[in-house]
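Quick notes on the structure that follows.
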Amino acid sequence: MEDAKQMTEDQIKLLQEKMKQMSPAELAEFQKQQCLFCKIISGAISSKKIYEDQVCLAVLDIAPASIGHLLIIPREHYSIMPQVPDEVLGHIMVIAKRLSQIMLKALRASGTTVFAANGGAAGQRSQHFVLHLIPRKEGDHVLDFPEKIIPKGLVEKVKAAVEGRLFELIGVKRAVSPASLEADSNASGPKNRSSEQPELALAKSKKASRAKPERKDIILSKRKVNSAKANYPKTKVKSTKKNLTKQKEASTANAEDIKLDDIANLFK
Amino acid sequence: MDNCEYCGLLQRDWQIVASSEDVVIAVKDKVAVLGQITIFPKEHFTIMELVPEPVLQQCLILANKASTAIFETLGSQGTNVLIRNGLGAGQDVPHFGIEVIPRKEDDGLNLRWEPRPLSEDEIEMTQQALLSAIFEAEKGRQAQHNQGADKPILQEKGRTNYLIKSLRRRA
């Protein structure tokens, strides 16, 4: 990192030569050293830190869409979201949710936008995957875009185009991940079902915390998942409308019970 | 819930790509770009703050898989993953969901923003406001823990979350 900071032209030339001879692994390592966000994480570049743990940190964006715009940055260098392991992504999602609660309360935002860009065409400007968390107010016109109605035929075409690959992507997990029997007693062996809409055998919480023992952040995220599970009933919302979809949930709390303070209490 | 677009969508097989016990992957008929996929919890939660964490994690993980699938099958050059959380963020369905949007150069979709110039003071104040809110939240959690985790959280009557209220009014 220090090398990169004080480079002469000769050194740059030398580096370019070196890069050509690098193996993909070496090149990835080199890109890490050049990455702005990796430097923020290492402290080589200063930032306005809001939150950090073993997996990620959250800093104020230097070119914000609105006041309080945060970037949630995984400590590990991943260029795009598809490279991010499920465990890390699950952890980042939880942090985003908790920080969103904080924003609604502390910045009097009336909403938050969670945003990620994968690839230059999608507007990605950094080589390090980050999740944007943007506090919003009605009428601020941040990330407004028009939507259109598409006919049923096109909906079906899209479904047909992506479902095969999507099943493959999830199907691999199906073989590895344990079924969610522990979490839900009326899970009727999703693996054996042969309906037209295959049930994804994703464990309720194990999915996100599936063990990969050599990483300590996994243990962390597992702990978070467990604690989230324990707190689950408190954040349940009860609809005051007549058709409660889940009457069986005896613990459904009144919507009036949910205040940002309460939700924010989950913040660890 | 009545009149909820996503709850209604659960009945429309042709729009549902896949579903787990808690989460649905679907193709909506109102999209920014053709090929857009939406991931949402089966249960009706209005905003992200109300979605239980394990369900929320599953939503994003599945959104990520959908992003890869879109990238590989629809010939897109990139994807955006987007959550519009709350009315202020332009959420137009009162049911939490994640959008995965396929992108191409020159597809005409503008998902950028004008950087908002902030003064040092504003930045400093924002950082302090967020940090102290996190600190308070942590303190509250500790206090609650000391009281015994099983006790219900103290209720403060008459104060409803603005977001829930406004979203329910629309529902």
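Each value in this text was obtained by applying a stated rule to the coordinates, not by laboratory testing. Only a predicted model underlies this, so the values are computations on that prediction, with no experimental measurement involved. With ideal geometry, Cβ positions are generated from the backbone for all residues, glycine too; neighbour counts draw on all protein chains shown.
Sort B:99-107, B:113-121, B:137-145 by packing, meaning the average of other beta carbons within 10 Å per residue, with the highest value first. Display every interim value, and only then the final one.
Numbers: B:99-107: 20.1, B:113-121: 12.1, B:137-145: 14.8.
Peptide ranking by packing, descending: B:99-107, B:137-145, B:113-121.
Can you give the Rg/Rh ratio of segment B:46-116, where Rg is from the C-alpha atoms and Rh is the Kirkwood radius?
Rg divided by Rh gives 1.01.
Taking 4 °C and 1.567 mPa s as the conditions, I'd like the Stokes-Einstein D for segment A:84-146 in µm²/s, using the Kirkwood hydrodynamic radius from alpha carbon pairs. Walk me through the intermediate numbers first.
Values: Rh = 13.1 Å.
Translational diffusion coefficient: 99 µm²/s.
Can you pull the Kirkwood radius for segment A:42-121, inverse mean 1/r over Cα pairs, to one decimal in Å?
Numbers: mean 1/r = 0.0735 Å⁻¹.
So the Kirkwood estimate lands at 13.6 Å.
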### Message
Skipping prolines and chain starts, which residues have an amide H placed within reach, meaning under 5 Å, of the one on B:LYS30, given they are 5 or more residues away or on another chain?
### Response
A:ILE150
### Query
Computed on alpha carbon atoms, what radius of gyration and Dmax characterise segment A:29-172, expressed in Å?
17.3, 53
### Task
Decide, for segment B:25-74, between rounded, prolate and oblate: order the square roots of the alpha carbon gyration tensor eigenvalues as a ≥ b ≥ c, take rounded if a/c falls under 1.5, and otherwise choose prolate if a/b is larger than b/c, else oblate.
oblate
### Query
Counting only residues 5 or more places away or on other chains, whose amide H sits under 5 Å from the amide H of A:ILE50 once H atoms are built in the peptide plane?
A:ALA58, A:VAL59, A:LEU60
### Query
Sequence-distant or interchain residues sharing an amide H contact under 5 Å with B:VAL24, placed H: which?
B:PHE40, B:LYS42
#### Entry: Label point at A:GLN31 placed 7 Å out along Cα→Cβ; residues across segment A:73-92 whose backbone nitrogen lies under 14 Å
A:77-84
### Query
Once phi is turned into ³J(HN,Hα) by the Karplus curve 6.51 cos²θ - 1.76 cosθ + 1.60 with θ = phi - 60°, what whole-Hz value does each residue of segment A:121-130 show in order, with x for glycine and proline?
5, 8, x, 6, 10, 10, 8, 10, 4, 9
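Beyond 31 Å between alpha-carbons counts as too far, so tell me which of A:LYS48/A:LYS105; B:LYS30/B:LYS139; B:LYS28/B:LYS104; A:LYS49/A:LYS148; A:LYS152/B:LYS65; A:LYS13/B:LYS104 fall in that bin. Before the final figure, lay out each step's value.
On the way: A:LYS48/A:LYS105 19 Å; B:LYS30/B:LYS139 43 Å; B:LYS28/B:LYS104 20 Å; A:LYS49/A:LYS148 39 Å; A:LYS152/B:LYS65 24 Å; A:LYS13/B:LYS104 34 Å.
B:LYS30/B:LYS139; A:LYS49/A:LYS148; A:LYS13/B:LYS104, as the Cα separations exceed 31 Å there.
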### Query
Using the alpha-carbon centroid of each, what span in Å lies between segment B:87-129 and segment B:59-78?
21
### Task
Quickly work out the B:ASN3-to-A:LYS152 label distance, labels modelled 7 Å from Cα along the C-beta direction, and quote it in nm with one decimal.
2.5
### Task
Enumerate the residues in segment A:114-150 having an amide nitrogen under 13 Å from the point lying 7 Å beyond the Cα of B:GLU105 toward its Cβ.
A:120-123
#### Entry: For segment B:3-162: span of alpha carbons on each principal axis (Å, largest first)
52, 44, 27
### Summary
Sequence order, segment B:125-139: Karplus ³J(HN,Hα) from phi using 6.51 cos²θ - 1.76 cosθ + 1.60, θ = phi - 60°, Hz rounded, Gly and Pro as x, gives 5, 5, 4, 4, 4, 5, 4, 6, 5, 5, 4, 4, 4, 5, 4
## Note on the structure
In order over segment A:78-84: 3J(HN,Hα) from phi, Karplus 6.51/-1.76/1.60, θ = phi - 60°, whole Hz, x for each Gly or Pro, gives 10, 6, 9, 4, x, 7, 6
